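What follows is a set of notes on a single structure, which appears directly below.
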Amino acid sequence: MHRQELGARVLRIGVVDDHHSIVRGLASIADEHEDMSVVAGAETVAELLTEVDDLDLVVLDLRLADGSSPRANVERLRDAGMKTLVYTSGDEPYLVRQAAAAGVLGVLRKSARPSEIVDAIRCAAAGEQFATMDWAAAIDSDEDFVDLPPRLRQVLELYAAGEPTSRVAAQTELSTETVNAYVGRIRAKYSAVGRPAPTKTDLYKRAIEDGWLPIPRRFRR
């Protein structure tokens, strides 16, 4: 995947996708253009960051085998100083919404034409948003996202993952009454945006949808 970079500066692109054919396909598309090159491919963001630290752009698959959330992945790449473009099959709008909320620069379908992929890479690498219908839909739906302060998020992560109230209280050093009150506030927030969560199972689903909990293994590709 490496190409000698001569003359004009070549955009250094990384790809995070657990399907090697996707990485090879993007590398092949990039190799047809002298101003870009896929220099690294990895199955997880953590693996990519151990390989390289000077990429102009990372093309990120939304759903990875490690169950990591798009929100966490985009934020981790951003903290490492790397811009991100999402590459998706387009059938999971809640994952697109997570990525949009985290500051990704564009949402691109895997069915996109090579010319559109190249345009998106150039645009995002320059720090500009690449507008598509999927991107617009994600922005529009972001009003349904429930952003929780750290303490409520901690309670949700533990409680929705199956911990009883007493265990949540012990791990957070809160009283059981406070934990119950926090769970009530979380439910109220979801109800207020039209995403009610009256049961613990519902809260578990909402936590996955908003990226607070990892995608369960049975739903990974």
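Quick note: the coordinates plus some simple rules give every number you see, no bench work behind them. Here the structure is a predicted model, which means the values were calculated and not measured. Please note: Cβ atoms are built from the backbone with ideal geometry, for glycine as well, and neighbour counts cover all protein chains shown.
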Worksheet item: How do 88, 199 rank when sorted from fewest to most other Cβ atoms within 10 Å of their own Cβ?
Response: 199, 88
Worksheet item: Which one of 198, 179, 150 is farthest out on the positive end of the charge dipole of the stretch 146-219, using unit charges on Cβ (Lys, Arg +1; Asp, Glu -1) and the Cα centre as origin?
Response: 198
Worksheet item: Got a sec? How would 153, 24 order by Cβ neighbour count within 10 Å, fewest to most?
Response: 24, 153
Practice prompt. At a Cα cut-off below 28 Å, give the lysines reachable from residue 83, other chains included and same-chain residues fewer than 8 away excluded.
Written response: 110
Worksheet item: Taking springs between alpha-carbon atoms closer than 10 angstrom, which of 71, 113, 12 fluctuates most in the Gaussian network model of the chain?
Response: 113
Worksheet item: Hey, rough spin-label estimate for residue 157 and residue 34, points 7 angstrom out along Cα→Cβ, what's it come to in nanometres?
Response: 4.9 nm
Item to complete: Would you mind computing, in nm to one decimal, how far apart the modelled labels at residue 166 and residue 46 are, each placed 7 Å from Cα along Cα→Cβ?
Response: 3.3 nm
Worksheet item: Which residue fluctuates the most in the chain, going by a Gaussian network model with Cα springs under 10 Å, if the choices are 192, 100, 131?
Response: 192
Fill in: Only Lys, Arg (+1) and Asp, Glu (-1) charged, at Cβ; the stretch 21-103 dipole about Cα centre in debye
440 debye
Worksheet item: Of 102, 72, 188, which has the largest mean-square fluctuation in a 10 Å C-alpha GNM of the chain?
Response: 188
Response to the item:
the stretch 11-141: spread of alpha-carbon positions along the three principal axes, whole Å, largest first, is 37, 30, 26
Practice prompt. Report Rg (one decimal) and Dmax (nearest whole number) for the stretch 146-219, counting Cα atoms only, units Å.
Written response: 11.6, 34
Worksheet, complete the sentence: Per-residue Cβ contact counts at 10 Å, fewest first, order 111, 69, 28, 37 as 111, 28, 37, 69
Discussion item. About the Cα centre, and with charges only on the beta carbon of Lys, Arg (+1) and Asp, Glu (-1), how big is the dipole of the chain? Nearest 20 debye, please.
Written reply: 840 debye
Worksheet entry | Radius of gyration and Dmax over the Cα atoms of the chain, both given in Å | 19.3, 66
